[in-house]
Amino acid sequence: MKREEIRIFILRVGGTNCDEETKRAFRDSRMDAEVGHFNQLVKEKNLLDYDALVIPGGFSHGDYVRAGAIWAKQIMAKLGKEVKTFVDEERPILGICNGFQVLIEAGLLPQFDGISNFPEAALGANIPAGYNCRWIHLTNESNGRCVFTRRIRKGSIIRIPIAHSEGRFMFSKECERKYLERLLDNDQLVFRYCQHDGKYPDGRYPSNPNGSFYDIAGICDPSGTILGLMPHPERAYYGWQLPDWTKNDKIPAFGDGRIIFESVAEYLTKKF
């Protein structure tokens with residue numbers, strides 16, 4: 001498959017944001033991306049006509065109940081059969097910020113033993129509490145399983161912004177160590193928050209912006225084709241989006257977020 005033939009569907013409902021920025025990033029990477037309302041996909045389109053699905057950031061349905069909970073139930077109730085086929089065929093699914101919350105609530109992540117009817121993890125309120133919007137550093141922890149990071153060397157430090165109030169990744173206390181070991185053994189741990197020199201903050205603010213367990217910022221499913229992360233790669237696609245671009249003699253063409261889009265493009269061109 002040529003890049004121009006890759007079809008990406010970016011979901012939208014009331015409260016989502018950065019869907020157009022995400023579309024622009026995919027299109028700049030020479031893929032055919034479109035934004036459509038969830039109801040449009042349910043009533044007028046077929047999810048299986050697309051090669052990848054993106055659930056963008058924002059505050060879907062006002063984050064009532066829990067962030068991502070309502071939309072997750074809608075997706076699995078109305079598109080569950082198509083989503084399961086999508087997963088079985090290892091078509092990529094990307095959940096950014098609120099999208100990560102949706103994937104957790106839908107049982108699509110971490111998916112240790114297949115799609116779960118109940119969330120196996122949670123993304124709780126930030127510690128310290130409040131909305132946190134700024135640039136942070138991440139390390140790539142993936143050994144190569146995740147299709148969205150195959151062009152990022154393991155251990156590399158990248159810089160991408162966050163913008164959330166409920167991003168604290170956690171497992172239930174009784175399963176914490178067991179589930180962490182499963183993430184590590186399955187190569188499902190993708191991104192961890194870090195300091196600018198790559199050292200882990202061990203949950204300490206501000207390098208860990210929300211108190212996430214084990215400094216977790218992003219995970220994938222066992223196949224590596226579903227990625228959820230709290231930071232926004234579409235906000236770090238171009239060099240002019242960088243917070244300190246005016247300090248450079250020459251503006252870089254791209255930011256670190258671009259590598260995520262390029263990685264999935266490479267996967268899809270080889271798969272089909």
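The values are calculated or read from the model by the stated rules, or taken from the named source; none is laboratory data. From a predicted model like this one, the values you see are computed outputs, not experimental measurements. When we count neighbours, we look across all protein chains shown, and the Cβ atoms used for this are built from the backbone with ideal geometry, even at glycine.
Out of Ala129, Ala121, I need the residue that is over 19 Å from Gln40 (Cα atoms) and either among the hydroxyl-bearing types (Ser, Thr, Tyr) or touching a Phe, Trp or Tyr at 6+ places or on another chain (Cβ under 6 Å) (or both). Which one?
Answer to the check: Ala121.
Among the numbered criteria (1) outside any helix (DSSP H, G or I); (2) crowded, with 18+ Cβ neighbours inside 10 Å; (3) at pLDDT 95 or above, which single criterion is violated by Glu34?
The failed condition is (2).
Exactly one of (1) in contact with an Asp or Glu (Cβ under 7 Å, 6 or more places away or on another chain); (2) farther than 15 Å from Ala72 by Cα is unmet by Arg12. Its number?
(2)
From the set of residues in the range 253-272 that are in a helix (DSSP H, G or I) and over 15 Å from the mean Cα position of the chain (by Cα), which is surrounded by the fewest Cβ atoms within 10 Å (Cβ to Cβ)?
Filtering first and then ranking leaves Lys270.
Which numbered condition trips up Val102, out of (1) surrounded by fewer than 24 Cβ atoms within 10 Å (Cβ to Cβ); (2) touching a residue at least 40 places away in the same chain (Cβ under 8 Å); (3) of a type outside the set (S, T, N, Q); (4) in contact with a strand residue (DSSP E or B) (Cβ under 8 Å, 6 or more places away or on another chain)?
(1)
If only one of Gly62, Gly14 is more than 29 Å from Asn186 (Cα to Cα), of a type outside the set (S, T, N, Q), in contact with a helix residue (DSSP H, G or I) (Cβ under 9 Å, 6 or more places away or on another chain) and in a helix (DSSP H, G or I), which one is it?
Gly62
Considering each of Gly62, Gly95, Gly80 in turn, give the residue that is small (Gly, Ala, Ser), out of contact with any Ser or Thr (no Cβ under 9 Å at 6 or more places or on another chain), modelled with pLDDT of 95 or more and surrounded by fewer than 16 Cβ atoms within 10 Å (Cβ to Cβ).
Going through Gly62, Gly95, Gly80 in turn, just one is small (Gly, Ala, Ser), out of contact with any Ser or Thr (no Cβ under 9 Å at 6 or more places or on another chain), modelled with pLDDT of 95 or more and surrounded by fewer than 16 Cβ atoms within 10 Å (Cβ to Cβ): Gly80.
Restricting attention to the range 194-211, which residues are buried (at least 19 other Cβ atoms within 10 Å of the Cβ) and either part of a strand (DSSP E or B) or touching a residue at least 60 places away in the same chain (Cβ under 8 Å) (or both)?
Correct list: Cys194, Pro209, Asn210, Gly211.
Suppose we filter the range 212-241 for residues that are outside any helix (DSSP H, G or I) and either surrounded by 20 or more Cβ atoms within 10 Å (Cβ to Cβ) or among the β-branched types (Val, Ile, Thr) (or both); how many remain?
The total comes to 18.
Might you let me know whether the range 190-212 holds any residue that is under 24 Å from Val83 (Cα atoms) and under 14 Å from the mean Cα position of the chain (by Cα)?
yes
Between a first residue in the range 261-272 that is farther than 11 Å from Lys2 by Cα and a second residue that is at pLDDT 95 or above and among the acidic types (Asp, Glu), which pairs have beta carbons less than 9 Å apart while being 6 or more apart in sequence or on different chains?
Phe261/Asp28; Phe261/Glu234
In the range 48-59, which residues are crowded, with 18+ Cβ neighbours inside 10 Å and not in a strand (DSSP E or B)?
Residues satisfying the conditions are Tyr50, Asp51, Pro56, Gly57, Phe59.
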